[in-house]
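Peer 1: Once you've had a glance at the structure underneath, I'll fire off some questions.
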Amino acid sequence: MNAAPPTASGAANGAIAPPPARRLGVLALVALTYLVVSGGAYGIEDAVRIAGPRLTLLLCVVVPLAVSLPTALMAAELTALMPLEGGFYFWVKAALGPFGGFVEAWLTILYTAVDMAIYPVLFSSYLGFVMPLTPPERIAAGMALVWLAGALNAMGVKPVGEASIALTAALLAPFAVLVAVGAPRLVHWHPPANGHLSHPWAALGGGLAIVIWNYSGWENLSVVAGEIDRPRRTYPRAMMIALPLVALGYLLPLAVCLSGSSSAAAWRTGFFAAEGGRLAGPALELALAAGGAISAFSIFAAAMLWVSRMPYVLAREGYLPAGLRRVWEARATPVRSIVACCVVFSLLVPLGFVALVTLDVFFYMGALALEMMALLKMRRLRPERDGLFTIAGGRPGLLAVAITPIVLWLATFGVGFSSGEGHIEFLLGVVLTAAGGPAYLILRRRYGGPANAR
């Protein structure tokens, strides 16, 4: 199969290009974006325990403005300019060259590996609230999630999009009931007690890492831009609709559960279910626990949609075995790439949460820094944007969008490292990032690189 980079339509030279009837529209893309970025308020609980209630609420306001909005704007502009299957990889490659593109893909693979290990664990944890599970049964349930999501993705982008709409509604319904039942708490809202934080800088660093993780991933679906209906118009619209939904999806349940709270010690995975039980009885507790399991599956299935395209794109670029380029023509899906991802993620099911989140944010924000550099470079290389979405505000607006998330990222690890926490994760992140250089040389020599692919 020809491995040349796809054209702007995503339909040429072997790119995945389903017919219009199978492409993603605005509603499906909003649902997928919501799942890839958030998937409900599940996963934010540990931030309350680590950073305290007031600081967590503040971070849930600051991070969407400082990280999510700039990332969504960057992704909307570059997707409109280059709606390619492979998304951010090709943005960085076009702006910074083949090595820059490879480092972007390398960091994406690293943060994907640690990120995707989290959701089967969360799925098993919330499923344990619905039915008792032994540790081996939890591992088996996590692996079942991996392969079920892989099978759904193998069926094509359209079924994933349609399933995402239904799953988003299913996981949001219990939170809607929680917010409705807790409306008096919102009307007569009382600030929670902040509590004593023995290591305030460590609390800030840990809280920032978890909140950023919960709000990250706005550019990820650009990888399937060739499978989006009219991506130059659909992608920006979907980003602007999804952003307030994600922010409110965290803030409203947190505000209900934290109103007048005097302690954050009990805030761990599953706390929303327990609080729902106290507010409205066992039915809501069970619904929120089931919603947590649905959320983990939904996020994993939606993330698999773009994650499984990365080995496919790298194989087409001449960095991985040519067999991974194969597409199941009937469904327009890279089925071998999907299977390879399922095998890797099955091996990662037993891993943990907070340390993984720290590494995830390190690698993700490193990749985001490259994307922001690509944003600045492509504005200079291709200034003509007639009819395309462009970030407003001229050069000052562009610089604010590019710099703000990176400053917050550096602050996250700066406060954590200076407080004596997170040294191991920080150093491991640096070492694995630096390994991208040797990996580039080895894989390019073994498989030929982009020149050989052409």
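The values are calculated or read from the model by the stated rules, or taken from the named source; none is laboratory data. Fair warning: this is a prediction, and the values are worked out from it, not measured in the lab. Quick reminder, even Gly has a Cβ in these numbers, built from the backbone with ideal geometry, and neighbours come from all protein chains shown.
Peer 1: What number of residues within region 294-321 satisfy the criterion of being small (G, A, S), modelled with pLDDT under 85 and assigned to a helix (DSSP H, G or I)?
Peer 2: Qualifying residue count, region 294-321: 6.
Peer 1: With (1) at pLDDT below 80; (2) surrounded by 24 or more Cβ atoms within 10 Å (Cβ to Cβ); (3) in contact with a Gly (Cβ under 8 Å, 6 or more places away or on another chain) as the list, and M1 as the residue in question, which single condition is left unmet?
Peer 2: Evaluating M1 over (1) at pLDDT below 80; (2) surrounded by 24 or more Cβ atoms within 10 Å (Cβ to Cβ); (3) in contact with a Gly (Cβ under 8 Å, 6 or more places away or on another chain) leaves (2) as the failure.
Peer 1: Next question, about the same structure. Residues being surrounded by fewer than 22 Cβ atoms within 10 Å (Cβ to Cβ) and over 18 Å from Y364 (Cα atoms): count how many of those fall in region 61-79.
Peer 2: Residues that pass the stated criteria total 2.
Peer 1: Working only within region 209-226, note down all residues that are at pLDDT 75 or above and of a type outside the set (G, A, S).
Peer 2: Within region 209-226, I210, V211, I212, W213, N214, Y215, W218, E219, N220, L221 qualify.
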